[in-house]
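Here is the structure we will look at.
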Amino acid sequence: MKILVTGGAGFIGSAVIRHIIENTSDEVVNVDSLTYAGNLESLDMVAQNSRYQFEHVDICDIAALGEVFQKHMPDAVMHLAAESHVDRSIEEPGQFIQTNLVGTYNLLQVSRNYLEDKPPAECENFRFHHISTDEVYGDLEDDGLFTEETPYAPSSPYSASKAGSDHLVRTWHRTFGLPVLVTNCSNNYGPYHFPEKLIPHMILNALDGKPLPVYGDGLQVRDWLYVEDHARALYKVLTEGKPGETYNIGGHNEKANIDVVKKICALLEELVPEKPENINSYDELITFVKDRPGHDLRYAIDATKISDELGWVPEESFESGLRKTVVWYLENRDWWQRVLNGDYKLERIG
């Protein structure tokens, strides 16, 4: 196949592209506008491959999108392009509406128009895979899991914009017959993660002897999914999933935020015992800060459907994945140092 991947220079998108190029014979067209979180250096290992091409295009530009489709004639779309940081959505919600809602609408319309002139068999084989988040479901009590039938109850401008885009995708399937797939995933972590997100933010602040800011009491629970496990799941859904269906993807790793931070500190004690001069232990840097507005208390995914129907299960436990992640940041200082040398200086928004 020739797969058009939007947001392929982002964290999850780059993992998907690396997986496709390294483990399949498919071609990839990476469509990315290269916002602050887009980094083509995350694709250095595949950039020279003859099956990889890059188009510097914003999904909010519907005319440019149409030109990309006509130029490359994709067999499938994996739509990952999105504004994704909750804190930023509280500060500047307008950009989330534009990218996540208008951009998704543009992509759906271009895909629909693209298929109009194709033979029925090609239309049937085409796939539009929309990658979304478990945050659309809101939060859970102390027990229970999100299933594919859980009602939507988004809490932030980010999750509301993703919920809206999910609804648009399903509408284009029901009304216009576009062969779509939707996946909702839990919190991703792993190599090449932009440093404003929790795990890399804690790693890099600790290495520099800076405070480790934890919202509220730190007891918010998230289900953690190693990004390379997620990439495998997304490709499996694209190639084996049933059009019109939704698949939840989770790592079976529920952890409170404060426990995640403490695990990072413990790993750094082991791997980097020579600390910054201002501290005796990494965990003394933990600092509780005012909670985020509307902060969901707990997310947890029931991934039974994708396991039973498609045979996907995560390969990494949280312990093995977190160790790999910390080691990667220790061994790839050049990558994250170049990120930090840009406009973003490791200061979280919100």
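Quick notes
- Among residues of the range 58-87, those that are farther than 17 Å from Gly164 by Cβ and under 21 Å from the mean Cα position of the chain (by Cα), counted: 6
- Taken over the range 306-341, residues that are surrounded by fewer than 17 Cβ atoms within 10 Å (Cβ to Cβ) and β-branched (Val, Ile, Thr) amount to 2.
- Where a residue in the range 99-122 is of a type in the set (Lys, Arg) and its partner, wherever it lies, is at pLDDT 95 or above and assigned to a helix (DSSP H, G or I), with Cβ under 6 Å and at least six apart: Arg112/Phe176
- Scanning the range 56-93 for residues that are of a type in the set (Val, Ile, Thr), in a helix (DSSP H, G or I) and touching a Lys or Arg at 6+ places or on another chain (Cβ under 9 Å) yields Val86, Ile90.
- Filtered residues of the range 149-163 (kept if touching a helix residue (DSSP H, G or I) at 6+ places or on another chain (Cβ under 6 Å) and either surrounded by fewer than 19 Cβ atoms within 10 Å (Cβ to Cβ) or β-branched (Val, Ile, Thr) (or both)): Thr150, Tyr152
- Here Ser25, Ser42, Ser50 are screened, and the one residue that is more than 18 Å from Phe96 (Cα to Cα), part of a helix (DSSP H, G or I) and among the polar types (S, T, N, Q) is Ser42.
- Residues located in the range 123-167, provided they are touching a residue at least 60 places away in the same chain (Cβ under 8 Å) and farther than 23 Å from Asp296 by Cβ: Arg127, His129
- Glu228 meets each of the listed conditions (1) buried (at least 23 other Cβ atoms within 10 Å of the Cβ); (2) closer than 30 Å to Leu108 by Cα; (3) not aliphatic (A, V, I, L, M) apart from (1).
- From Leu234, Leu204, Leu219, residue being in a helix (DSSP H, G or I) and more than 15 Å from the chain's Cα centre (by Cα): Leu204
- Here is the figure for the range 43-71: residues that are in contact with a helix residue (DSSP H, G or I) (Cβ under 9 Å, 6 or more places away or on another chain) and more than 18 Å from Phe11 (Cα to Cα) total 10.
- Scan the range 2-19 for residues that are in a loop (DSSP other than H, G, I, E, B) and at negative phi and the total you get is 3.
- Residue satisfying all of: in the range 260-282; charged (D, E, K, R) and without any contact (Cβ under 8 Å) to a residue 40 or more places away in the chain; surrounded by the fewest Cβ atoms within 10 Å (Cβ to Cβ) among these: Glu274
- Positions within the range 286-320 being more than 19 Å from the chain's Cα centre (by Cα), part of a helix (DSSP H, G or I) and within 16 Å of Glu245 (Cβ to Cβ), in sequence order: Thr304, Lys305, Ser307, Asp308, Glu309, Leu310
- For Asn248, the stated conditions do not hold, so it cannot be described as buried (at least 19 other Cβ atoms within 10 Å of the Cβ) and out of contact with any Ser or Thr (no Cβ under 7 Å at 6 or more places or on another chain).
- Selection from the range 72-87 of residues that are out of contact with any helix residue (DSSP H, G or I) (no Cβ under 8 Å at 6 or more places or on another chain) and under 22 Å from Cys185 (Cα atoms): Asp87
The values are calculated or read from the model by the stated rules, or taken from the named source; none is laboratory data. This structure is a prediction, so every number in the text was calculated from the model and none was measured. Virtual Cβ from ideal backbone geometry, glycine too; neighbours counted across all protein chains shown.
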